[in-house]
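Here you go, one structure.
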Amino acid sequence: MFGLHIVKPGIVSEAMSDFYTRIFSMRQSGDYEDYCDYEEEDVAPLVAPARDLINQIEQFIYKL
């Protein structure tokens with residue numbers, strides 16, 4: 001659904017879609033796997049791209 005309604009129309013770039021897929025998978029692992037351990041060096045590089053993704057989505061929402 002994200003790809004069809006958000007990426008395909010160009011609201012969010014393909015690169016951001018790949019990023020979203022990656023962090024969603026990490027979240028699923030953290031929530032549902034028996035053992036999952038992310039260190040700061042694993043997640044620190046994800047903060048700036050996550051902010052970019054949020055900004056892109058917010059800009060779209062504000063245009064509605």
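The values are calculated or read from the model by the stated rules, or taken from the named source; none is laboratory data. Small disclaimer: the values here were computed from a predicted structure and weren't measured. FYI the Cβ positions are ideal-geometry reconstructions off the backbone, even for glycines, and counts take in every protein chain you see. What goes into the accessible areas is simple: the full protein's heavy atoms, side chains included, and nothing from ligands, DNA or RNA. Shrake-Rupley method; radii C 1.70, N 1.55, O 1.52, S 1.80 Å.
What does the extension gain come out to for I61 and Y38, with contour length at 0.36 nm per residue minus their alpha carbon separation? Write out the running numbers ahead of the final one.
Details: separation 23, 0.36 × 23 = 8.28 nm, distance 3.15 nm.
Stretched out fully, the I61 to Y38 stretch lengthens by 5.1 nm.
Using only Cα atoms and rounding to the nearest 10 degrees, what angle (0 to 90) does helix 47-63 make with the longest principal axis of the chain?
The angle comes out near 30 degrees.
What is the angle, in °, between the Cα long axis of helix 14-32 and the longest principal axis of the Cα atoms in the chain? Nearest 10 is fine, range 0 to 90.
The answer is roughly 40 degrees.
List the longest stretch of the chain that has no exposed loop site; here a site is one of the chymotrypsin sites (Phe, Trp or Tyr not before Pro) assigned by DSSP to anything other than H, G, I, E or B, with at most 15 other Cβ within 10 Å. Walk me through the intermediate numbers first.
Details: sites that count: Y35, Y38.
Longest stretch, sites excluded: 1-34.
Another question, then. Over its Cα atoms, what ratio of radius of gyration to 2.2 N^0.38 Å does the chain give?
It is 1.27.
I'd like to check one number: the per residue accessible area of the chain, probe 1.4 Å, reported in Å² as a whole number.
80
Still on this structure: Nearest 20 debye, what's the magnitude of the dipole of the chain about its Cα centre given +1 on Lys and Arg Cβ and -1 on Asp and Glu Cβ?
The calculated dipole for the chain is roughly 640 debye.
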